[in-house]
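One structure is given here, and the rest of the page talks about it.
What follows draws every value from the coordinates through simple rules; no lab data is involved. Here the structure is a predicted model, which is why all the values come from computation and not from measurement. Because the Cβ atoms are built from the backbone with ideal geometry, glycine has one as well, and the counts that use them run over all protein chains shown.
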Amino acid sequence: MDGCRFSLLVLLIVLAAVLIGLASAHPGPEEEMEIEYNYGSNLGSNKWGNLHQHYETCLSGKMQSPIDIDKNDAVLNETLGSLIRKYTSANATLVNHIYSVGVLFEEDFGELVIDGRIYTLKQMHWHTPSEHQINGVRYDAELHLVHQAYDDGIAVVAILYQLGRDDPLVSALKNKLEELADDDKCKKEERAEIPLGKFDSKLIKIKPRKYYRYLGSLTTPPCTEYVVWTVLARVRTISNSQVEMLRAPLDKPYKKNARPVQVLNGRKIQAYYDQITNPLGNE
Ligand SMILES: *[C@@H]1O[C@H](CO)[C@@H](O)[C@H](O)[C@H]1NC(C)=O
Ligand SMILES: *[C@@H]1O[C@H](CO)[C@@H](O)[C@H](O)[C@H]1NC(C)=O
């Protein structure tokens, strides 16, 4: 174990001790237990449920994510309605979360409305390869836009990417991602952070023609359930060098940070598209 890993571990233990002290009954995504886990062989996803009692749901949960979306099994539900997202532009921070690279929105950035419930955008992060599959196909990357309601309810919008042309969002972050990769993670802070200044919401305000909806969980420990998932049907493109850019700041056991697909356990996947403007249900 080198000095960097050691200080990180000490930090995680201290953080866990503090959190246990606080004994929060419903840990939200910001205050979750930081027991070390990864995607490697020793602390990998099939072991998460045994790493700590707070991660038990990863093993015993009956509505876990990600899943494979079988298009033929998805049931059209017109009541879902088109996706309502109101984002503004505000300061944001690029962060190396150790298990993924992401962007934090600490200022009020905007909201997602599902069934009349308001969820505020808190953060987004990438997984490479994708976590969700469509018709058995795992794609090359997946972006998760994580929203939280006032009562801690979570709603995630997922966008899938296959190798191809550059993704405009990652292009806009190119210099900062390179800076993050160069940053010495051991310096002073527990995690490398790079201010992005004002982040343009146009980069993430995609209006989908079609999406899938199901009830699942966080895809990382503590695997908390009752997460409302919205997976956009249209697979977008990302270039190979951009996938490498998203992986560069991460340590080896986190570079491929996709949890395997989980069993449905009878859950129904719903689909929505506007039958008037998109009568064929195109992606
Ligand atoms: C269709 O969506 C609405 C709104 O989310 C929901 O209340 C309803 O239960 C769904 N219908 C089915 C059959 O799942
Ligand atoms: C946003 O960030 C800039 C520097 O990047 C700073 O000058 C400004 O005060 C920040 N705005 C808010 C509302 O914090």
(message) At R0 = 25 Å, how high is the FRET efficiency between residue 252 and residue 115 if r is their beta carbon distance? Nearest 0.05 is fine.
(response) 0.05
(message) So for region 3-273, averaging the separation of alpha carbon pairs under 8 Å that are six or more residues apart and normalising by length, what relative contact order in percent results?
(response) 27
(request) Please work out how much length the chain gains when fully extended from residue 107 to residue 91, using 0.36 nm per residue of separation minus the C-alpha to C-alpha distance, in nm with one decimal. (result) 5.1 nm
(message) Quick check: net charge around residue 81, other residues with Cβ under 10 Å of its Cβ, Lys/Arg +1 and Asp/Glu -1?
(response) -3
(message) Nearest 500 deg cm²/dmol is fine: what mean residue ellipticity at 222 nm does the chain get from its DSSP H runs of n ≥ 4 alone, each adding -39,500 (n - 2.57), divided by its residue count?
(response) -5000 deg cm²/dmol
